[in-house]
Amino acid sequence: MAETRTPTAASLFFGPDAPDESDLYKCVHCGFCLQVCPTYLETGLEAESPRGRIALMKAVNEGRIGITPTVVRHWDLCIQCRACEVACPSGVPYGRLIEATMQQVETRRKQGLVKRLLSELSLKHLLPYQGRLSFLFSGLRLYQKSGVQAAIRKSGVLRFFSPKLAELESSLPVLPANVFEPRGQVIPAVGEKRARVALLSGCVMPLVNGPQMNAVVRVLARNGCEVVVTRDQVCCGALNTHVGDLSTARGLAKKNIDAFNASAVDAVIVASAGCGARMKEYGHLLRDDPDYRDVAEAFSRNVKDIHEFLVDLPFEPPKAGLDYRVTYQDSCHLSNGQGVREQPRQILRSIPGVELVELSNAAICCGAGGSYTLTERDLSMRVLDTKMKAVRETGADVIATANPGCLLQLQYGAQKDGISIKVRYVTDLLDEAYGKEG
């Protein structure tokens, strides 16, 4: 636990959320992290590696340098994929370090008025409120369905005013007509009831991937689970913690703990890798809260990724098959943050007819990184280009993954490169096979 410090000549990190020195000085700068870091692989720059970023943290902590715009820029360019944690022989908890560092940055960051207002609006007044977020996405859906989007794209007006804005607009996913709404509904198990579980709906996923969320429910029910879609749940807080907004993230964590604990379930199931990683670390996030510290630790132990839960249950392999050549992209916060790597592959191999072809760089980030694909577009696209080159080499019909950010990033990569390939969740494929059983 980080001790409370005040700024001195020897330390420019301070407060209860300062990077923990016992974590910070575990790094021996061996360099094992370099070949798994997507930003280092793209740039070849030491400062864009975990080792380099930790060196900057140490320098700030010791008062040798300040939290300057140049220093902050190197931290901002971190995708926070946490692949370095898996590669590190010294057990450096890089995820905790960069999270704490970004909190220190957030308290000092100087931004223009418009940029700060947009940040405040999205992180504090939009993501935490599903109704407001749903209203925004309803507007985007109308924009797409009304023909306005097609007219704007045909006119080229966005490219005239801002090529970057036009490129961002071109990456908008096609929003489904149906959304997934947590209303407190209870979906009964099919056949013998084996477990009662709650399902995290999340913030963006139910609006962008409503049909896919319904597929998750069907898969759970098909395997004997009664599914509770808890009414009062909120955003998990992952995006807030990535940018250092820990106070909002803590408030969201408390609301989720209260909501899900009232459901009396055997497990809280999460179908989004980033959300699952965040919720499994609520104990650390609320470590200094005497009212929630212990209950948060207990809650986090009850959070299960959908793939690990199905394999542990165990799930019933489908009897019908799919004629697909599939490659699997490890979602960073599933493989690196939660240690769930083999379970999605085990599910894919269980589907008759599926040929699983390993992606040469499956463990390297695709460049999505939550909001990273918006805030650091150029480097995000460079990482994506490297990923899509490896995808083409597999000759796959389908890319399977486990996180909404990865799904959207890979879909755009296929669109941008003109590759005829589908991007699906692992649970989508399992649900499709179950659906063919008759």
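Provide a single number: the residues in the stretch 58-96 that are surrounded by 16 or more Cβ atoms within 10 Å (Cβ to Cβ) and over 24 Å from the mean Cα position of the chain (by Cα).
5
Restricting attention to the stretch 275-291, which residues are under 24 Å from the mean Cα position of the chain (by Cα) and either in a loop (DSSP other than H, G, I, E, B) or not assigned by TED's automatic domain parsing to the domain that holds residue 248 (or both)?
280, 281, 286, 287 - these are the residues of the stretch 275-291 that are under 24 Å from the mean Cα position of the chain (by Cα) and either in a loop (DSSP other than H, G, I, E, B) or not assigned by TED's automatic domain parsing to the domain that holds residue 248 (or both).
Quick check: anything in the stretch 418-429 hydrophobic (A, V, I, L, M, F, W, C), assigned to a helix (DSSP H, G or I) and farther than 28 Å from residue 78 by Cα?
yes
Residue-by-condition table, conditions (1) out of contact with any strand residue (DSSP E or B) (no Cβ under 6 Å at 6 or more places or on another chain); (2) outside any loop (DSSP other than H, G, I, E, B); (3) not hydrophobic (A, V, I, L, M, F, W, C):
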residue	(1), (2), (3)
54	yes, yes, no
64	yes, no, yes
79	yes, no, no
85	yes, yes, yes
92	yes, no, no
95	yes, yes, yes
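So which of 64, 73, 82, 53 ends up being outside the structural domain of residue 373 (by TED's automatic domain parsing), modelled with pLDDT under 95 and of a type in the set (Lys, Arg)?
The conditions single out 64.
Report, ordered by the first and then the second residue, all pairs with beta carbons closer than 6 Å, sequence separation of six or more or different chains, a first member in the stretch 391-402 that is over 13 Å from residue 354 (Cβ atoms), and a second member that is modelled with pLDDT of 95 or more and surrounded by fewer than 18 Cβ atoms within 10 Å (Cβ to Cβ).
So the pair list comes out as 394/357.
Suppose the filter is crowded, with 19+ Cβ neighbours inside 10 Å, modelled with pLDDT of 95 or more and within 17 Å of the chain's Cα centre (by Cα); does residue 304 pass it?
When the stated conditions are applied, residue 304 passes them.
Filter the stretch 341-367 down to the residues that are without any contact (Cβ under 8 Å) to a residue 60 or more places away in the chain and hydrophobic (A, V, I, L, M, F, W, C), then identify the one that is surrounded by the most Cβ atoms within 10 Å (Cβ to Cβ).
366
How about the stretch 207-224: which of its residues are touching a strand residue (DSSP E or B) at 6+ places or on another chain (Cβ under 6 Å) and either free of Cβ contacts under 8 Å to residues at least 40 places away in the same chain or crowded, with 24+ Cβ neighbours inside 10 Å (or both)?
Those that are touching a strand residue (DSSP E or B) at 6+ places or on another chain (Cβ under 6 Å) and either free of Cβ contacts under 8 Å to residues at least 40 places away in the same chain or crowded, with 24+ Cβ neighbours inside 10 Å (or both): 217, 220, 221.
Filter the stretch 181-206 down to the residues that are surrounded by 22 or more Cβ atoms within 10 Å (Cβ to Cβ) and either within 29 Å of residue 413 (Cα to Cα) or free of Cβ contacts under 8 Å to residues at least 60 places away in the same chain (or both) and list them by number.
Correct list: 200, 201, 202, 203, 205, 206.
Check 397, 330 and return the single one that is modelled with pLDDT of 95 or more, over 16 Å from the mean Cα position of the chain (by Cα) and not assigned by TED's automatic domain parsing to the domain that holds residue 266.
Selected residue: 397, the only one of 397, 330 that is modelled with pLDDT of 95 or more, over 16 Å from the mean Cα position of the chain (by Cα) and not assigned by TED's automatic domain parsing to the domain that holds residue 266.
Touching a Pro at 6+ places or on another chain (Cβ under 8 Å), more than 23 Å from residue 425 (Cβ to Cβ), touching a residue at least 24 places away in the same chain (Cβ under 8 Å) and hydrophobic (A, V, I, L, M, F, W, C): is that true of residue 252 in this structure?
Values: touching a Pro at 6+ places or on another chain (Cβ under 8 Å): yes; more than 23 Å from residue 425 (Cβ to Cβ): yes; touching a residue at least 24 places away in the same chain (Cβ under 8 Å): yes; hydrophobic (A, V, I, L, M, F, W, C): yes.
Yes; evaluated as a whole, the condition is true for this residue.
Residues of the stretch 123-144 being touching a residue at least 24 places away in the same chain (Cβ under 8 Å) and in a helix (DSSP H, G or I), which ones?
Residues satisfying the conditions are 123, 124, 130, 133, 134, 137, 140, 141, 144.
Can you confirm whether residue 298 is touching a helix residue (DSSP H, G or I) at 6+ places or on another chain (Cβ under 9 Å) and either aromatic (Phe, Trp, Tyr) or surrounded by 20 or more Cβ atoms within 10 Å (Cβ to Cβ) (or both)?
Taking the combined requirement at face value, the residue does not satisfy it.
Closer than 20 Å to residue 373 by Cβ and touching a residue at least 40 places away in the same chain (Cβ under 8 Å): which single residue out of 80, 104 fits that description?
The match here is 80.
The values are calculated or read from the model by the stated rules, or taken from the named source; none is laboratory data. Just so you know, these numbers come straight off a predicted model, no measurement behind them. Counting neighbours? That spans all protein chains shown, and the Cβs are built from the backbone with ideal geometry, glycine included.
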